[in-house]
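**Student:** What follows is a structure written as structure tokens; I'll ask about it next.
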Amino acid sequence: MAFREVRVLEIKEVFRHWQRKASFRTISAAVGVDRKTVRRYVRLAQKHGLQQDPGDSISDDVLAAVIAEAGTPTTAKELGAARSLCRLHRARIEGWIREGCKSPKIVRLLHQHTGVEVPGRTLRRFIHEELLEAHKAASTIRLPDPPPGQVLQIDFMLLGKANWNDKDVSVWALICVAAYSRHTFIWPCLRCTTADVIAGLEAAWAFFGGIFPTVVADNPKTIAIQPDSTNPVFNADIAAYSQARGFLFDLARVRHPQDKPRVERTVSYSRNDGWSGERYLSLDLARDGLARWCKEVAGRRRHGTTRRHPIEDFITKELPLLLPPPTERYDSPRRLERTVGRDNAVTVAEALYSVPFGLSGQKISIEYDSSTVKFYHRRKLVKVHPRVGVGENSIDPLDMPDHLVELVARDTGAIRLRAACHGVSVGEFARRLLDVQPQWTRIRQVYCLLDLCRRYGNAAVDAACQTSLELDVVELPRLKRMLELRCPPPEDPRPPTGKVLRPRFGRDPQEFKAGGVHGS
């Protein structure tokens, strides 16, 4: 006779009939429970204090005690010879299962290695009941939904194959699911790179009409360089993007998909209902078609868990709580390292940029996008340039040494003011030197004039410049000759002593004589 589980309601009905003095046979016929089962439950109820009196209430404590002690009646069942043989060779069978063998192959292997013949159905039943049962995954705890408008769960999934431009390609997708409403967005792509993550999230913000404060994701290298359950190290591009858009990444634990169950449960539905059977002719058409499917089909279905329409739930409860959507396209920066050359400049994307003077030969970090190039030295921002085109350069004169700023900038006005500071005639002489076109071709001559001021003094050079101007001779070599004749180099003020200086390692001749200073 097959075993039928007795429900709590039926057990309570057995006790009610027994309290009314009904016999076991009458109770069995009325409730539909075997007479021996009725007797067993009644005796357990008497043991726990239930009286055969209609006025005595049947408490839940008595019912719980009876059920706990009665347990589930089982009938001892003898195992057949085939099951016993399976148990005898359990270790062999487990090893073959780990190698990937199926039950028909294991039947043949058993006969080949041991001579034992086991029916295939018996072996399958043994594997399912005794081997796989021990390896079942532990049960999980269902967590409540997060607050509306707070969490977006994302994951990459393989949609399938497509033939685009006469090539068979694997089509992936970034799937984004609002954790509260289950509203879904799918972004097809050809790879699973950091750039695809950023592009997919940018499209998601436009689709949802706002930014979720928290994004729950896996731990791929495109997001986390070093995954960790508490302190992950994020990819630099992902960290910069999350800072620019104002949201935080909450990474799931490694190999723990239950940390983002909302998106995991949506993967198979999105692949089977949104992608399968469709024939999109290009990637752009696939993106448009799946976005439309998310709104018109997935968003308007009655969700099996929430029992609500996801798009309506999202619009009414989540959309007002999202962060404002981005108004400008995100310009993803690139990063690299370079060594500063002897010319105090660095090449970035086939363009030349100057850096502050003094960094020649040192390594610097560079971060650049379509509009800006930033230079870092020892994690400190040292220079910012606007981005220029290929083959062009951006040289800042302020990055050059102070005495060469005017030369680099070809600033004739600044070099003329510097000359005027050494004297009126010097300034006029410099002006006459620069009175040509183009003026920057004479800047080096003005530098030579300033060098004469340093060598001979401002007064002497100013007087010589005045004489040259009166004679209308504005020539730098003649001015230099005038200064040499008028102001000969000063002699050494120290009088000759007639004493020859001893070399650094020189020795006194007396020291080499026998019995001299160091003689014995």
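**Student:** Within 15 Å of ASP60 (Cα to Cα), surrounded by 12 or more Cβ atoms within 10 Å (Cβ to Cβ) and modelled with pLDDT of 85 or more - does that describe any residue in region 32-41?
**Tutor:** Yes, that holds for at least one residue.
**Student:** In region 85-121, which residue that is among the acidic types (Asp, Glu) and in contact with a helix residue (DSSP H, G or I) (Cβ under 8 Å, 6 or more places away or on another chain) is nearest to LEU132 (Cα to Cα)?
**Tutor:** Checked region 85-121; the qualifying residue nearest to LEU132 (Cα to Cα) is GLU94.
**Student:** Which residues, counting only those in region 434-457, are surrounded by 13 or more Cβ atoms within 10 Å (Cβ to Cβ), at pLDDT below 75 and either touching a Lys or Arg at 6+ places or on another chain (Cβ under 8 Å) or farther than 19 Å from CYS421 by Cα (or both)?
**Tutor:** Across region 434-457, the qualifying residues are GLN439, TRP440, ILE443.
**Student:** Checking the conditions here, which among TRP164, TRP187 is more than 16 Å from ALA252 (Cβ to Cβ) and surrounded by 22 or more Cβ atoms within 10 Å (Cβ to Cβ)?
**Tutor:** That would be TRP187, the only listed residue that is more than 16 Å from ALA252 (Cβ to Cβ) and surrounded by 22 or more Cβ atoms within 10 Å (Cβ to Cβ).
**Student:** Which residue out of GLY80, GLY55, GLY71 is at pLDDT below 85 and on the phi > 0 side of the Ramachandran plot?
**Tutor:** Going through GLY80, GLY55, GLY71 in turn, just one is at pLDDT below 85 and on the phi > 0 side of the Ramachandran plot: GLY71.
**Student:** Related question: Run VAL169 past the list (1) surrounded by 23 or more Cβ atoms within 10 Å (Cβ to Cβ); (2) in a strand (DSSP E or B); (3) among the β-branched types (Val, Ile, Thr) and report the number of the one that doesn't hold.
**Tutor:** (1)
**Student:** Just need a number here: residues in region 37-68 that are closer than 14 Å to ILE27 by Cβ and either part of a helix (DSSP H, G or I) or under 60 Å from the mean Cα position of the chain (by Cα) (or both).
**Tutor:** 8
**Student:** Determine the pairs where a residue that is farther than 18 Å from LYS161 by Cα, located within region 181-197, has a partner that is buried (at least 18 other Cβ atoms within 10 Å of the Cβ) and among the small types (Gly, Ala, Ser) with Cβ atoms under 6 Å apart, the partner being 6 or more residues away or on another chain.
**Tutor:** Partner pairs satisfying both residue conditions: HIS183/GLY299; THR184/ALA298; PHE185/ALA204.
**Student:** Restricting to region 300-317, name every residue that is touching a residue at least 24 places away in the same chain (Cβ under 8 Å) and either outside the structural domain of ARG265 (by TED's automatic domain parsing) or among the hydroxyl-bearing types (Ser, Thr, Tyr) (or both).
**Tutor:** Once the filter is applied, which keeps residues that are touching a residue at least 24 places away in the same chain (Cβ under 8 Å) and either outside the structural domain of ARG265 (by TED's automatic domain parsing) or among the hydroxyl-bearing types (Ser, Thr, Tyr) (or both), region 300-317 yields THR305, THR306.
**Student:** ALA460 fails exactly one of the following numbered conditions: (1) surrounded by 16 or more Cβ atoms within 10 Å (Cβ to Cβ); (2) modelled with pLDDT under 75; (3) more than 60 Å from the chain's Cα centre (by Cα). What is the number of that condition?
**Tutor:** Single failed check for ALA460: (2).
Yes/no matrix, rows are residues, columns are (1) outside the structural domain of PRO220 (by TED's automatic domain parsing); (2) assigned to a loop (DSSP other than H, G, I, E, B); (3) modelled with pLDDT of 95 or more:
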{"site": "THR140", "(1), (2), (3)": "yes, yes, no"}
{"site": "ASP145", "(1), (2), (3)": "yes, yes, no"}
{"site": "LEU159", "(1), (2), (3)": "no, no, no"}
{"site": "ALA162", "(1), (2), (3)": "no, no, no"}
{"site": "LEU174", "(1), (2), (3)": "no, no, yes"}
{"site": "PHE185", "(1), (2), (3)": "no, no, yes"}
{"site": "PRO188", "(1), (2), (3)": "no, no, yes"}
{"site": "CYS192", "(1), (2), (3)": "no, yes, no"}
{"site": "GLY200", "(1), (2), (3)": "no, no, yes"}
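**Student:** While we're here: I'd like the full set of residues that are surrounded by fewer than 17 Cβ atoms within 10 Å (Cβ to Cβ), modelled with pLDDT of 90 or more and touching a helix residue (DSSP H, G or I) at 6+ places or on another chain (Cβ under 9 Å), limited to region 251-274.
**Tutor:** Result: TYR269, ASP273.
**Student:** I've got another one for you. What tally of residues in region 217-239 results from selecting those that are in contact (Cβ under 8 Å) with a residue 24 or more places away in the chain, surrounded by fewer than 18 Cβ atoms within 10 Å (Cβ to Cβ) and either closer than 25 Å to THR184 by Cα or charged (D, E, K, R) (or both)?
**Tutor:** The qualifying residues number 1.
**Student:** Further, regarding this structure: If I filter region 243-256 down to residues being assigned to a helix (DSSP H, G or I) and in contact (Cβ under 8 Å) with a residue 24 or more places away in the chain, which single residue comes out as farthest from PRO324 (Cα to Cα)?
**Tutor:** Within region 243-256, the match that is farthest from PRO324 (Cα to Cα) is ALA244.
**Student:** Right, here's the next one. So which pairs qualify, if the first residue must be in region 83-96 and in contact (Cβ under 8 Å) with a residue 24 or more places away in the chain and at negative phi, the second must be surrounded by 12 or more Cβ atoms within 10 Å (Cβ to Cβ) and of a type in the set (Ser, Thr, Tyr), the Cβ gap must be under 7 Å, and the two must be at least 6 apart or on different chains?
**Tutor:** Correct list of pairs: ARG83/THR122; CYS86/THR122; HIS89/THR114.
**Student:** Right, here's the next one. Among the residues of region 293-333, which ones are of a type outside the set (A, V, I, L, M), in a helix (DSSP H, G or I) and either surrounded by 12 or more Cβ atoms within 10 Å (Cβ to Cβ) or within 28 Å of the chain's Cα centre (by Cα) (or both)?
**Tutor:** TRP293, CYS294, LYS295, PRO310, GLU312, ASP313, PHE314, THR316, LYS317, GLU318, PRO320, listed by residue number.
The values are calculated or read from the model by the stated rules, or taken from the named source; none is laboratory data. These numbers were taken from a predicted model, which means no experiment stands behind them. For neighbour counting, all protein chains shown are included, and Cβ atoms are generated from backbone atoms with ideal geometry for every residue, glycine included.
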